[in-house]
Amino acid sequence: MRVFVLIFNAGTDNEGIHSIRVGNRNKIMMFESEDDATRFGLMLEAQDFPTPTVEMMNADDIKEFCEGAGFDWEVVPENSNLVITPPELNVDETDWQADAKTQDNNDSYRPSPPRETETEISDSDLDSLRRRLEGLL
């Protein structure tokens with residue numbers, strides 16, 4: 001079965017798959033629909049996450065990776081009523097190592113720095129952003 005996942009730093013030495021922390025475990029979201037994965041990626045961008053790339057992969061390959069890394073996975077059905085909201089927290093350290101031991105105190109899991117309340121955005125940038133968001137609807 002083919003699924004779509006979000007990849008950060010695609011094609012680089014620091015390439016990584018997007019995961020969500022649930023309790024003390026990480027979960028990889030496998031989207032049945034490329035459009036749903038793209039929408040989720042845009043929501044991440046709106047929360048100042050790095051820009052992800054949507055890539056099609058074999059679900060069995062993702063599951064095999066998850067089993068080896070101690071991750072969970074979830075298949076997100078196409079056009080499901082499931083509302084997925086990206087997390088408000090981001091992991092500061094993005095270099096994953098297979099042999100790294102998970103720390104109970106989650107030292108590497110910290111909230112993103114506070115956002116400034118006032119930002120200056122040019123009218124043309126604002127119009128461009130508005131068109132992109134309207135295109136999602």
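Select from the range 25-49 the residues that are touching a Leu at 6+ places or on another chain (Cβ under 8 Å) and open to solvent by 60 Å² or more (accessible area, probe 1.4 Å) and list them in ascending order. Even if it seems obvious, please write down each step before you answer.
Initial filter on the range 25-49 (touching a Leu at 6+ places or on another chain (Cβ under 8 Å)): 29, 37, 39-42, 44.
Scanning the range 25-49 gives a single hit, 39.
What number of residues within the range 27-79 are closer than 17 Å to residue 16 by Cβ, in a strand (DSSP E or B) and polar (S, T, N, Q)?
Number satisfying all stated conditions: 1.
What is the one condition in (1) of a type in the set (Val, Ile, Thr); (2) at pLDDT 90 or above; (3) open to solvent by 50 Å² or more (accessible area, probe 1.4 Å) that residue 22 does not satisfy?
Residue 22 satisfies all of (1) of a type in the set (Val, Ile, Thr); (2) at pLDDT 90 or above; (3) open to solvent by 50 Å² or more (accessible area, probe 1.4 Å) except (2).
The values are calculated or read from the model by the stated rules, or taken from the named source; none is laboratory data. Note that this is a predicted model, so its numbers are computed, not measured. We place every Cβ from the backbone using ideal geometry, glycine too, and count neighbours over all the protein chains shown. The area values use the complete protein model at the heavy-atom level, side chains included, leaving out ligands, DNA and RNA. Shrake-Rupley method; radii C 1.70, N 1.55, O 1.52, S 1.80 Å.
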